[in-house]
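Visitor: A single structure is presented below for examination.
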Amino acid sequence: MAGGAEIKAPSPNVNGKAEILKGNFEPPAIEVEPLPPVVPENGVEKPSEKSRNIVLGRNVHSTCLTITEPEVNDEVTGDKEAQMAGVLARYRKNLMERTKYHLGYPYNLDFDYGALAQLQHFSINNLGDPFIESNYGVHSRQFEVGVLDWFARLWEIEKDEYWGYITNCGTEGNLHGILVGREVFPDGILYASRESHYSVFKAARMYRMECVKVDTLVSGEIDCSDLRPKLLANKDKPAILNVNIGTTVKGAVDDLDVVIQTLEECGFSHDRFYIHCDGALFGLMMPFVKRAPKVSFKKPIGSVSVSGHKFVGCPMPCGVQITRMEHINVLSSNVEYLASRDATIMGSRNGHAPLFLWYTLNRKGYKGFQKDVQKCLRNAHYLKDRLHEAGISAMLNELSSTVVFERPRDEEFVRRWQLACEGNIAHVVVMPNVTIEKLDFFLNELVEKRSTWYQGNVQPPCIAAEIGKANCVCALHK
């Protein structure tokens, strides 16, 4: 296929008369509702002291929108269109309201893709290999390859030495990266820190791989002093490692150089290990952080994946997966039906996602992303400092924009701000759309709520085990 579209650095209106649903609309997501039941983790009671209860979200069947058949005379009355227009208008209002109170998940909501609306009328499908056209002509491969070339430059690998594709999500990037590692080393053992994304362990189950979980430091970074003996215990088998470029909960960055050094010191030559770097969020931020360890194919890594709907701000889930060309032949096969090759996880792939990524990368360029990264890190430090000033235990890793703090006692507050929680901690992920004003609003509400949660003998929890004594301001460590 010809070269990709090079990337260079630098709502339908709703017809008023269609409104037939009456009454003021209160978005269901922010109504005061009974909390869902607390259930044991994985639905099974565990005797371990480390077992904890997990609060599950509500059952959507109670609020789902039923699909009904049009009336016989609907073409004349237009009642069906009017009813659907009303539902969509209310849904849009709900989305606007929930977006105002979004802090816990790593999605950049600061984007405007109005220029791409003209392309939504086409069924764009990049099925098969991005670099080889298929017989289906409505595709966006030229944009996809342009995006892949941009990331290849970012991670320092030549055009003729890499292969990659735009995935449907970050999980698919991990599934593909680990699959390539498994195909290169069929008898290899997968090593991943306990704080790796759950999709890494999903991959191990799907591929029937032996998986060794490695302990972490209090920061969330992989503990290479625990990795070492586990590698030595399995020196007879190749190692497949997942290295986190930002863990899910604490935003910790595994030190790639120390991991490689540990492998080498344990006797693993470069032809006996495969490293996949999960850079879902921070994979795109790290190159613009001073003193940050570099993720580069000049080092002995096998693949890198990053999400497109997180820091980039693509409105639909997607991601980028890059691996070495020498590895991909173990997966690739010719598909006559497509008149192309395929080494992807999925068959059909969203052809609109490359357009959104290409558009944003062109508009922002390296300087634009650097500016966004600096803003996020600056605002994250602001939030961490304000939490400490308010007497709230909090932690922020040096290379991260994820602020970890004590879990709010009120699950309604957690739901309102869409906070991601694990055990005794919660976090806020400071993204480009998160302003100081929004953080102040959140902080003021949190402080006010805490004054009602902790009264008399009821004290804030100690979370030193989760974030370290230096970051905990409980009664014991204040």
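The values are calculated or read from the model by the stated rules, or taken from the named source; none is laboratory data. All of these numbers come straight from a predicted model, not from anything done at the bench. Here the Cβ is made from the backbone with ideal geometry for all residues, glycine too, and neighbour counts use every protein chain on show. Side chains included, ligands, DNA and RNA excluded: accessible areas come from the protein's heavy atoms. Shrake-Rupley method; radii C 1.70, N 1.55, O 1.52, S 1.80 Å.
Visitor: Please get the size of the charge dipole for the chain, origin at its Cα centre, with Cβ charges of +1 on Lys and Arg and -1 on Asp and Glu, quoted in debye to the nearest 20. Write down the numbers at each step before the final one.
Guide: Working: 54 positive and 59 negative charges, 206 e Å.
Computed about the Cα centre, the dipole is about 1000 debye.
Visitor: Given a 1.4 Å probe and heavy atoms of the protein chains only, how would you sort CYS318, CYS421, largest accessible area at the top?
Guide: On the way: CYS318 0, CYS421 45 Å².
Largest to smallest exposure gives the sequence CYS421, CYS318.
Visitor: What are the lysines whose alpha-carbon lies under 17 Å from the alpha-carbon of LYS202, with same-chain residues fewer than 8 places away excluded?
Guide: Candidates past the 8-residue exclusion: LYS213.
Visitor: Expressed as a whole percentage, what fraction of the accessible surface of the chain belongs to carbon and sulfur atoms when a 1.4 Å probe is rolled over the protein heavy atoms? Numbers along the way, then the final one.
Guide: Values: 12600 of 23970 Å².
Ligands and nucleic acids excluded, carbon and sulfur give 53 percent.
Visitor: What list of ³J(HN,Hα) values in whole Hz, one per residue of region 141-158 in order, does the Karplus curve 6.51 cos²θ - 1.76 cosθ + 1.60 (θ = phi - 60°) give from phi, with Gly and Pro shown as x?
Guide: Here the 3J(HN,Hα) series is 4, 4, 6, 4, 5, x, 5, 4, 4, 4, 6, 4, 5, 4, 9, 6, 9, 5 Hz.
Visitor: Would you pull out the residues with amide H under 5 Å of CYS169's amide H, same chain only if 5 or more places away, H placed 1.01 Å from N?
Guide: Counting only residues 5 or more places away or on other chains, the set is GLY319.
Visitor: Let me ask something additional. Only helical DSSP H runs with n ≥ 4 go in: add -39500 (n - 2.57) per run for the chain, normalise by residue count and round the 222 nm mean residue ellipticity to 500 deg cm²/dmol.
Guide: Working: 12 runs with 152 residues, N = 478.
Taking each H run of at least 4 residues, the total per residue is -10000 deg cm²/dmol.
Visitor: Quick check on the chain: of the DSSP beta bridges with both residues there, what percent are antiparallel, nearest 5%? Could you put the intermediate results ahead of the total?
Guide: On the way: 31 of 47 bridges.
Of those bridges, close to 65 percent are antiparallel.
Visitor: For region 303-309, in order, what is each residue's ³J(HN,Hα) by Karplus, 6.51 cos²θ - 1.76 cosθ + 1.60 with θ = phi - 60°, in whole Hz (x at glycine and Pro)?
Guide: 6, 9, 10, 8, 8, x, 8
Visitor: Still on this structure: Checking the cross-link filter: which lysines have an alpha carbon closer than 23 Å to that of LYS478, excluding same-chain neighbours under 8 positions apart?
Guide: Here the lysines satisfying the reach criterion relative to LYS478 are LYS250, LYS384, LYS449, LYS469.
Visitor: Let me ask something additional. Amide H to amide H under 5 Å from ILE425: which residues, 5+ apart in sequence or cross-chain, H placed 1.01 Å off N in plane?
Guide: The answer is ARG407.
Visitor: Translational diffusion coefficient of region 117-364 at 37 °C, 0.692 mPa s, Stokes-Einstein with Kirkwood Rh over Cα pairs, in µm²/s as a whole number. It would help to have the intermediate numbers written out before the result.
Guide: On the way: Rh = 18.3 Å.
Roughly 179 µm²/s, to the nearest whole number.
Visitor: Dividing the Cα convex hull volume of region 324-395 by residue count, how many Å³ per residue is that? Please report the intermediate quantities before stating the final value.
Guide: On the way: hull volume 13.8 nm³, N = 72.
Measuring per residue, one finds 192 Å³ for the Cα hull of region 324-395.
Visitor: If you rank ARG416, ARG194, ARG291 by how much accessible surface each has, with a 1.4 Å probe, what is the order from largest down? Write out the running numbers ahead of the final one.
Guide: Numbers: ARG416 75, ARG194 130, ARG291 200 Å².
Reading off the accessible areas and sorting them downward yields ARG291, ARG194, ARG416.
Visitor: Also, I was wondering about something else. Suppose we keep just the alpha-carbon trace of region 365-471; what are its Rg and Dmax in angstrom?
Guide: 14.3, 54
Visitor: While we're here: What distance in nm separates the two pseudo spin-label positions at HIS388 and LEU65, each 7 Å out from Cα along the beta-carbon direction?
Guide: For HIS388 paired with LEU65, the spin-label model returns 4.6 nm.
Visitor: Per residue, how much accessible area does region 365-471 have with a 1.4 Å probe, in Å²? Walk me through the numbers on the way to the answer.
Guide: Values: 4700 Å² over 107 residues.
Averaged over the residues of region 365-471, the accessible area is 44 Å².
Visitor: Same structure again: Taking a cut-off of 17 Å between Cα atoms, list the aspartates and glutamates near LYS371, but don't count ones fewer than 8 places away on the same chain.
Guide: Cα-Cα hits under 17 Å: ASP110.
Visitor: Here's another thing I want to ask about it. Please give the length that would be gained between GLU97 and TRP453 if that part of the chain were fully extended, namely 0.36 nm times their separation in residues minus their C-alpha to C-alpha distance (nm, one decimal). Each step should come with its number before you reach the end.
Guide: Details: separation 356, 0.36 × 356 = 128.16 nm, distance 2.58 nm.
So the extension gain works out to 125.6 nm.
Visitor: Further question on the same structure: Give the accessible surface of region 117-364 per residue, rounded to a whole number of Å², with probe radius 1.4 Å and ligands, DNA and RNA excluded. Don't skip to the answer; put the middle values down first.
Guide: Values: 9670 Å² over 248 residues.
Dividing the accessible area of region 117-364 by its residue count gives 39 Å².
Visitor: Still on this model: Pairing rule first: another cysteine's C-beta must sit under 4.7 Å. Under that rule, which cysteines of the chain stay single?
Guide: CYS64, CYS169, CYS211, CYS224, CYS266, CYS277, CYS314, CYS318, CYS376, CYS421, CYS472
Visitor: Separate question: For region 159-174, take each phi angle, set θ = phi - 60°, evaluate the Karplus expression 6.51 cos²θ - 1.76 cosθ + 1.60, and give the result in whole Hz per residue in order, putting x for glycine and proline.
Guide: So the J values, rounded to whole Hz, are 4, 8, 10, 10, 9, x, 7, 8, 8, 8, 5, x, 4, 5, x, 5.
Visitor: Principal axes first, then extents: for the Cα atoms of the chain, list largest minus smallest coordinate on each axis, whole Å, largest first.
Guide: 70, 68, 47
Visitor: Something else: Where nothing but the Cβ of Lys and Arg (+1) and of Asp and Glu (-1) is charged, how large is the charge dipole of region 365-471 around its Cα centre, in debye to the nearest 20?
Guide: 260 debye
Visitor: Can you list residues from other chains, or at least 5 along the same chain, whose modelled amide H is less than 5 Å from the amide H of TRP163?
Guide: Answer set, sorted by chain and number: THR323, ARG324, MET325.
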